[in-house]
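These notes are about the structure you will find just below.
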Amino acid sequence: MIIPNLYEHDIHAWTQQTADLLRQRRFQELDIEHLVEELETMGRRDRQELVSRLKILLGHLLKWQYQPTHRSSSWRGSILEQRLRIRDLLEDCPSLKPFLAEAATAAYGDGVKLASKETGLPLAQFPETLPYALDPLQDDDWWPEGA
């Protein structure tokens, strides 16, 4: 049964109903306007997730570089986790790869803020622009040298 205005009342139920309609090839009954909106949102979410993961990765790499005496296994674990999640995202969404440089640049400012807050170091102590190349960011064996 098709429930009118289901999208506004229960997005989860709407997604299930839409999937069922697609499986049954009942295309004429689809809520095309909201389906297009949700597909566009999915693409934005993937881009936002990439930037978010890069913020955390860059923040931890900066902490690693600028506070070498405080390095810990939890920092190492967080760096590896973000690299793995970024890798998974890029494998699932290869069309994001050309966006990686832009995403890293966009993420860097917040990565600096994270590093500054967590280390107590002033923002001015960190480089104004992204100091790392893209390839090392994705390399599980690469670690920035101490500042």
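The values are calculated or read from the model by the stated rules, or taken from the named source; none is laboratory data. Everything numeric in this text was worked out from a predicted model, so none of it was measured. Positions of Cβ are generated from backbone atoms using ideal geometry, with glycine treated the same way; all protein chains shown enter the neighbour counts. For accessibility, only protein heavy atoms count, side chains too; no ligands or nucleic acids. Shrake-Rupley method; radii C 1.70, N 1.55, O 1.52, S 1.80 Å.
Taken together, the criteria exclude Gln28 from residues that are part of a helix (DSSP H, G or I), touching a Leu at 6+ places or on another chain (Cβ under 8 Å) and over 30 Å from Lys117 (Cβ atoms).
Residue-by-condition table, conditions (1) within 12 Å of Leu50 (Cβ to Cβ); (2) without any contact (Cβ under 8 Å) to a residue 12 or more places away in the chain; (3) within 13 Å of the chain's Cα centre (by Cα):
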{"position": "Ala104", "(1), (2), (3)": "yes, no, yes"}
{"position": "Tyr108", "(1), (2), (3)": "no, no, yes"}
{"position": "Leu114", "(1), (2), (3)": "no, no, no"}
{"position": "Lys117", "(1), (2), (3)": "no, yes, no"}
{"position": "Pro122", "(1), (2), (3)": "no, yes, no"}
{"position": "Asp135", "(1), (2), (3)": "no, yes, no"}
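The combined condition, being in a helix (DSSP H, G or I), crowded, with 16+ Cβ neighbours inside 10 Å and among the basic types (Lys, Arg), is fulfilled by Lys63. Across segment 102-118, the number of residues qualifying as open to solvent by 30 Å² or more (accessible area, probe 1.4 Å) and not basic (Lys, Arg) comes to 7. You will find that of Leu121, Leu130, Leu54, the residue that is open to solvent by less than 40 Å² (accessible area, probe 1.4 Å), in a loop (DSSP other than H, G, I, E, B) and either out of contact with any helix residue (DSSP H, G or I) (no Cβ under 8 Å at 6 or more places or on another chain) or of a type outside the set (Gly, Ala, Ser) (or both) is Leu121 and no other.
Examine segment 41-51 for a residue that is open to solvent by less than 30 Å² (accessible area, probe 1.4 Å) and either among the polar types (S, T, N, Q) or part of a helix (DSSP H, G or I) (or both), and state whether such a residue exists. Yes, there is a match, as at least one residue in segment 41-51 is open to solvent by less than 30 Å² (accessible area, probe 1.4 Å) and either among the polar types (S, T, N, Q) or part of a helix (DSSP H, G or I) (or both).
Residues are listed down the side, and each one gets a yes or a no for (1) of a type in the set (D, E, K, R); (2) open to solvent by 40 Å² or more (accessible area, probe 1.4 Å):
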site: Thr69; (1), (2): no, yes
site: Leu80; (1), (2): no, yes
site: Asp88; (1), (2): yes, yes
site: Glu91; (1), (2): yes, yes
site: Ser95; (1), (2): no, yes
site: Leu100; (1), (2): no, no
